[in-house]
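The values are calculated or read from the model by the stated rules, or taken from the named source; none is laboratory data. Please read these numbers as outputs of a predicted model, since none were measured by experiment. No Cβ is skipped: glycine too gets one built from the backbone with ideal geometry, and neighbour counts run over all protein chains shown. When the accessible area is computed, the model is the full protein with side chains, heavy atoms only, and any ligands, DNA or RNA have been set aside. Shrake-Rupley method; radii C 1.70, N 1.55, O 1.52, S 1.80 Å.
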Amino acid sequence: MIETEHKAGRYKVRLRRFTDLLDAVNTPLPDEYNAQYALALTLESCSREQRSGKVPGLGKVSLNRQDWLGAPDLQTLEQRMREGWADGAAMISQLAAAELPEPVSIKRRREWADQGDELDIHRVYAGKLDTAWSRMGKRQSRAPRRITLMCDLSCPWFQKADALAWRGVAALKLSDALEEAGYQVQILAVNCAVGVNDADGRQGNEGVAAVVPVKHYDAPLDLCSLASVLVAPGFKRRYLHPWHFATEGQPQCESLGGAGELLGDWLHQQLIGELGEPVLRIGADVLTKAACQKSIDSALAVVRVMHEMERQAA
């Protein structure tokens, strides 16, 4: 894990980059006691169904462990991460995905014709006058194309597992459609929060962000395994929240401040700049089946536009 500091608007952001899922799960915390204590308090309040509060526009909201983790307990969550989660993967079949054209390569290739830039005298002697000249042209051909999906897992405390599931469903359905069309897909799970490490619950100018590659380009798309990480909120709330609590050794509000929409926008642009390739974003606001389908359709439309631009360039 590598941690760096950045400036995003008025926020000073601590960005944690993990190498893969195992790195996020196994890297020791700088303040294990404080982090685990905060997690234990949250789970205890959920088990008593006392994790509640009034939310503007929603009224009183209460969460139990299933609501918060997307699993009845930590043991079940960890078992699903080891063995996969078929019920989570089954949600993917509820969505439709339009067919995509095959990726286009516009790599320059040598073409032979009866006129061009260079003459091959050996072809002339062989009587192949109609293919004696060559030039470098551009030709369409099928070629793997890399695309990154950024699945934003950010959320405030009061959002329940049933709503949070749809972001992961969108990412996995989209990945399935892209790989079926011949693309190579990387999936990055991200989490952002603002207003952390602020006294008396006041939101100041500190923020945190985490990036976890949960699928690399050349890895197989294991829907059951990835569903346990992206469809249920337990991975994010169990393994990424403790990093926030472990910083600077001081207790923080359980809500971790705001959900960090501004940081999600900032991180998306950071990734585009770093990778130099398309980064399709599944936003933190994808909380319903309808929003999930819309997100898939919008992303596929972007890919079709990219394909058409490449086809014309070829």
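In terms of its C-alpha gyration tensor, region 1-89 has an oblate overall shape, because the principal axis ratio a/c (a ≥ b ≥ c, square roots of the eigenvalues) is not below 1.5 and a/b does not outweigh b/c.
Run the reach check for Lys294 against aspartates and glutamates, Cα to Cα strictly under 13 Å, same-chain hits fewer than 8 apart removed. What comes back? Of all the aspartates and glutamates, those that pass the test against Lys294 - Cα under 13 Å, at least 8 places apart if same chain - are Asp285. Scaling the Cα radius of gyration of region 1-46 by the globular reference 2.2 N^0.38 Å produces a ratio of 1.47.
Is region 266-314 best put as rounded, prolate or oblate by its Cα gyration tensor, with a ≥ b ≥ c the root eigenvalues, rounded for a/c under 1.5, and otherwise prolate when a/b is larger than b/c, oblate when not? Provide the component values of the computation, followed by the final result.
On the way: a/c = 5.23, a/b = 1.31, b/c = 3.99.
Note, shape of region 266-314 comes out oblate.
Over region 1-75, with every protein chain in place, what whole percent of the accessible area is carbon and sulfur at 1.4 Å, could you tell me? Write down the numbers at each step before the final one.
Working: 2310 of 4320 Å².
The nonpolar share, carbon plus sulfur, comes to 54 percent.
Of the listed pairs Lys7/Lys173; Lys60/Lys160; Lys173/Lys289; Lys12/Lys215, which have alpha-carbon separations greater than 24 Å here? Please list the in-between numbers first.
On the way: Lys7/Lys173 33 Å; Lys60/Lys160 13 Å; Lys173/Lys289 12 Å; Lys12/Lys215 29 Å.
Long pairs (Cα-Cα over 24 Å): Lys7/Lys173; Lys12/Lys215.
I want the local charge near Gly283. Using Cβ-Cβ distances under 10 Å, sum +1 for each Lys or Arg and -1 for each Asp or Glu among the other residues. Don't skip to the end; give the middle numbers.
Details: positive: Arg167, Arg281; negative: Asp152, Glu261, Asp265, Asp285.
Residues close to Gly283 contribute a combined charge of -2.
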